[in-house]
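The values are calculated or read from the model by the stated rules, or taken from the named source; none is laboratory data. Remember, it's a predicted structure, so these values are computed and weren't measured experimentally. Neighbour counts are summed over all protein chains in view; Cβ atoms, including those assigned to glycine, are modelled from backbone coordinates with ideal geometry. All accessible areas refer to the heavy atoms of the entire protein, side chains included, with ligands and DNA or RNA removed. Shrake-Rupley method; radii C 1.70, N 1.55, O 1.52, S 1.80 Å.
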Amino acid sequence: MRAEISFGKSLIGILFVGLAAASCTTTSKPAATAANTKTKQGQSAKVTFNYTAKDRDCLQRAMYFESQHSDKDGYMAVGTVVMNRLTSGAYPPSICGVVAQKKQFAPGVMTREVKPQAEPELASAADAILVKGARHPAVKDAMFFHTNGLKFPYDNMHYVTVAGGNAFYEKRDSNGMLQTPPPLPSYEVAMNYVPGESMLPPQFEALIPSAVPVPLPAPDPMATASTGQMRITAPVTAPETSPVTSIEPEPGMPIAIPTPRPAYDSVMLRESLPANGG
């Protein structure tokens, strides 16, 4: 009888220990799952934007002329506005497109001279934005600014900071909601440098204009048999007594006329805020 009681106690003890072990194993799984979920969320894909050496120059020009040649704090503030516009989807899809947009940035931003002594600090600010993904923290989602000290009677101008002689603001409605598409946060943006490429359209469609004839040397009477068998397939029009001949385009051949370089001097940029508040 005692043996049976002892056996029963042993069996109950084994079952109790097994349940306790199973309980410990079950409680540890949710913690591991939560850790895996956080890891997956931290590895979300970034949105990639390409930029060229010309885009970098456009960014530096905007920072330099719009911040009144101030300092790195002013440069970073203007540069953040450029990047906010680029990543919002409501403006041109390249940095140069954003900076050169009509009636938006300072007159002559694409053509005026940048003083050499400002180059090192401008380069440092551009590298911080394009390579390191830095932004001016106080600018937030602002895509607009004007010279500090000016006053406007518009209710949608939500000011966030002053830097480089400018007052930066977001456009928000009466409920505090942005009236423009929000920019992407810097941690969701990847900037990809594309060397040797340009976002601008080609300047020329043909190498040789049709109005300029191409002279050819007159036949050599002392030519050998091998050179005497060569024939010119293009139509040749010239008097028999002319010492040179010229190639004319075939009938029906499309003629491409070179187009001039884009006139950036004529680009109209931001001079004043329009009646809708900027």
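In the stretch 47-193, the C-alpha radius of gyration followed by the widest Cα-Cα span (Dmax) gives 14.4, 46 angstrom. The trypsin sites (Lys or Arg not before Pro) of the stretch 94-190 that DSSP puts in a loop, and whose beta carbon has at most 11 other beta carbons within 10 Å, are Lys102, Lys132, Lys151. Checking the Cα-Cα distances for Lys46/Lys72; Lys72/Lys140; Lys46/Lys140; Lys102/Lys132; Lys115/Lys171; Lys103/Lys151 against a 22 Å cut-off, the pairs over it are Lys46/Lys72; Lys102/Lys132; Lys115/Lys171.
From most to least packed by mean Cβ count within 10 Å, the peptides 155-165, 116-126, 89-99 give 89-99, 155-165, 116-126.
For Ala53 and Lys151, the difference between the fully extended length at 0.36 nm per residue and the C-alpha to C-alpha distance is 31.6 nm. The accessible surface of the stretch 47-193, taken with every protein chain in place and a 1.4 Å probe, is 51 percent carbon and sulfur.
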